[in-house]
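As structure tokens, the structure follows; a few thoughts come after it.
Any read-out appearing in this document is the output of simple, stated calculations on the displayed coordinates, not a laboratory observation. As the structure is a computational prediction, the values presented were derived from the model and not from experiment. Neighbour counts are summed over all protein chains in view; Cβ atoms, including those assigned to glycine, are modelled from backbone coordinates with ideal geometry.
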Amino acid sequence: MLDPMLVVLDHTALENIPGLEGGASSPLLARLISLYETEGRRQIDLINAAVGNGSAADLQQSAHRLKSSCGTLGLLCMAALAKHMEEAGRAGRVPVDDALMQQIESEYQLALKALNQLRQTN
């Protein structure tokens with residue numbers, strides 16, 4: 001499903017965010033990471049709920065939000081997983097795939113680890 005060559009964090013995406021001139025030491029980056037931690041978790045929970053309820057519309061909406069925030073932060077694997085879920089929802093399908101949900105959860109944890117390592121390096 002996903003290209004195994006996708007990286008967890010594409011640093012060049014962060015360079016395109018206005019206001020991150022301070023790099024990893026920027027207060028804005030710390031705020032964005034904190035927002036991703038809470039909102040990413042919230043969107044994943046909403047995706048889980050949409051799958052459990054069989055709601056393709058809710059799945060598409062939550063996956064789209066997750067995909068957008070992941071793309072902004074350069075979280076390529078997470079963005080690709082969210083895109084897959086968004087497309088399924090848009091097509092009216094609700095994948096009931098425990099392995100996929102586990103992959104989303106695992107990738108979310110890897111994304112948080114990568115972002116927090118970036119924040120701690122400066």
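Observations on the model:
- Listed residues Ser69, His84, Leu29: farthest to the positive end of the dipole of the stretch 22-117 (Cβ charges): Leu29
- Expected 222 nm ellipticity per residue - DSSP helices of 4 or more, -39500 (n - 2.57), all of the chain, to 500: -24500 deg cm²/dmol
- Normalised contact order of the chain, rounded percent, pairs of Cα under 8 Å and 6 or more residues apart: 34 percent
- The peptide list 27-34, 54-61, put in order of mean Cβ contacts within 10 Å with the highest first, becomes 54-61, 27-34.
- Rounded to the nearest 20 debye, the dipole size of the chain about its Cα centre is 200 debye, using +1 on the Cβ of Lys and Arg and -1 on the Cβ of Asp and Glu.
- Counting Lys and Arg as +1 and Asp and Glu as -1 over every other residue whose Cβ lies under 15 Å from the Cβ of Gln109, the net charge comes to -2.
- When you work out D = kT/(6 pi eta Rh) for the chain at 37 °C and 0.692 mPa s, using the Kirkwood radius from C-alpha pairs as Rh and the Stokes-Einstein form, the result is 225 µm²/s.
- Degrees separating the helix 98-120 axis from the principal Cα axis of the chain, which is the longest one: 10 degrees
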